[in-house]
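Have a look at the structure that comes next, please.
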Amino acid sequence: MADEANPFESLQSQIDEAADYLDIGDDVIERLKHPERVLETNLTVERDDGDLERFKAFRSQFNGDRGPYKGGIRYHPGVTRDEVKALSGWMTYKTAIVGIPYGGGKGGIVIEPSDYSESEIERLTRAFAKELRPLIGEDRDIPAPDVNTGQREMNWIKDTYETLENTTEPGVITGKNIASGGSEGRVEATGRSTVIAAREAFDYLDKDLEGATVAVQGYGNAGWIAAKLIDEMGATVVAASDSSGGIYNSDGFDPVAAKEHKNETGSVVGFHDADEEITNEDVLTMDVDLLIPAALENAIDGDLAADVAADVISEAANGPLTPEADAVLEEEDVFVIPDILANAGGVTVSYFEWVQNRQRFYWTEEKVNEELEAIIVDAFDALVETLETHDLDNPRTAAYVVAIQRVADAYEEAGSFP
């Protein structure tokens with residue numbers, strides 16, 4: 001069972017670890033460990049039965065040195081102020097490692113969305129958009145989907161903002177559907193970058209991806225798409241899980257068919273091609289070549305890390321390993337592709353969407369995927385160069401060294417105001 005590590009403290013620990021390899025003053029590092037501002041608001045929404053209900057919501061704007069704040073909005077009962085701060089910090093360094101001109105932001109509403117109707121979710125989303133209105137804009141802060149949100153919610157936020165501002169500004173938000181100004185390739189982007197990064201890691205480690213065994217913890221959008229794409233690359237997906245449990249087949253199974261089963265039943269559990277039903281912990285500790293954690297933070301703590309048997313981990317989720325887990329896996333020579341690189345496809349294609357919105361000129365899916373591939377490969381190369389230059393054993397630390405230096409350079413070049 002994963003511990004209740006504070007994700008914001010985990011972020012700060014990761015920054016401190018990287019700071020030892022950087023010629024940056026402690027005062028600047030301290031600045032880069034805290035958000036610039038956090039909105040905490042209470043949304044009161046009318047339920048379908050006429051009763052009112054209050055929901056707590058947050059938006060953290062962590063750092064804007066390299067461009068407008070950028071980051072998703074999640075709907076989940078576990079959302080907290082510190083979680084949102086951590087996620088906005090991870091987004092700051094994620095945009096930096098892949099070299100796109102954004103800062104980092106993140107938002108969330110404390111809610112179990114499955115307990116509410118579509119009309120209630122729409123009213124809640126529009127209420128949050130009204131509160132965000134003074135903060136967001138295509139040159140200020142650009143939200144996007146995250147856990148339990150998607151194109152539907154992004155379209156509602158865009159419509160609310162444009163209605164209140166009496167304007168047309170599709171670039172105010174990304175992750176929209178195509179008809180509302182979304183980008184081709186956006187839905188698959190996070191899963192795609194996760195497997196591109198894994199492919200590059202296997203090549204770097206002289207491992208063969210063809211026939212490699214894969215376990216995927218979390219079978220939402222990022223997880224199932226990563227499973228589908230890694231299967232197309234020749235690997236064998238042998239295990240997958242969601243919040244209800246997991247499935248296993250030593251010979252592998254069709255990840256698309258597993259997703260269709262989940263769509264029909266609400267879970268991968270009970271999938272006809274599974275030989276065995278297993279737990280989430282079983283998936284995380286399975287003896288496979290590649291593990292893809294694609295659920296929430298703190299999935300693997302220091303205790304569980306001692307049982308992890310994968311050779312390579314590609315983090316589709318944000319913060320799935322605690323710092324204690326990182327230390328254990330480093331000792332065991334597990335190659336961990338950090339979240340700020342592995343799952344950066346989502347924000348990268350969100351950037352492409354924003355560019356297309358501003359130009360009013362839209363790209364083909366082929367162009368989107370080609371540009372995404374180039375960016376992720378370049379970012380992985382920068383990580384490897386730093387890993388070898390500093391003789392590091394931890395790829396996460398190498399990624400933060402690259403990212404923090406880029407943010408610090410932008411801050412230093414801008415000067416201090418006032």
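The values are calculated or read from the model by the stated rules, or taken from the named source; none is laboratory data. What you see is a predicted model; the values in this text were computed from it and never measured. Neighbour counts are summed over all protein chains in view; Cβ atoms, including those assigned to glycine, are modelled from backbone coordinates with ideal geometry. Please note that ligands, DNA and RNA were not included when accessible areas were found on the heavy atoms of the full protein model with its side chains. Shrake-Rupley method; radii C 1.70, N 1.55, O 1.52, S 1.80 Å.
Cβ under 10 Å from Glu184's Cβ, Glu184 left aside: what net charge do those residues give with Lys, Arg +1 and Asp, Glu -1?
Charge balance near Glu184 sits at -2.
Pop out the carbon and sulfur fraction of the accessible area of the chain as a percent, whole number, probe 1.4 Å.
Ligands and nucleic acids excluded, carbon and sulfur reach 42 percent.
Determine the alpha carbon to alpha carbon distance for each of Lys85/Lys207; Lys94/Lys228; Lys130/Lys259; Lys85/Lys262; Lys33/Lys228; Lys70/Lys367 and list only those over 30 Å.
Lys85/Lys207; Lys130/Lys259; Lys85/Lys262; Lys33/Lys228
Name the shape class, rounded, prolate or oblate, that the alpha-carbon gyration tensor gives for segment 195-242, where a ≥ b ≥ c are the square roots of its eigenvalues, rounded holds for a/c under 1.5, and otherwise prolate holds if a/b is larger than b/c and oblate otherwise.
prolate
Among 304-316, 269-281, 285-297, how do they line up from the highest to the lowest mean number of other beta-carbon atoms within 10 Å?
The packing order, highest mean first, is 285-297, 304-316, 269-281.
Calculate the length of the line joining the C-alpha centroid of segment 398-418 to that of segment 305-375, in whole Å.
21
Could you run the Debye sum over the Cα atoms of segment 1-138, one equal point scatterer each and no solvent, and tell me log10 of I(q)/I(0) at q = 0.13, 0.15 Å⁻¹, two decimals?
Debye intensities relative to I(0), on a log10 scale: -0.62, -0.78.
Packing-wise, with mean Cβ within 10 Å as the measure, how do 36-44, 100-108, 211-219 rank, highest first?
Order by mean packing, descending: 100-108, 211-219, 36-44.
So how far apart, in nm, are the two label points at Arg31 and Tyr362 if each is 7 Å from Cα heading toward Cβ?
Modelled inter-label distance: 4.1 nm.
Pairs of alpha-carbon atoms within less than 8 angstrom and 6+ residues apart define the contacts here; what relative contact order does the chain have, in percent?
Over the chain, the number comes to 17 percent.
Same structure again: Which label belongs to the value computed from this structure, given these candidates for Cα Rg over 2.2 N^0.38 Å: (1) 0.99; (2) 0.94; (3) 1.51?
(2)
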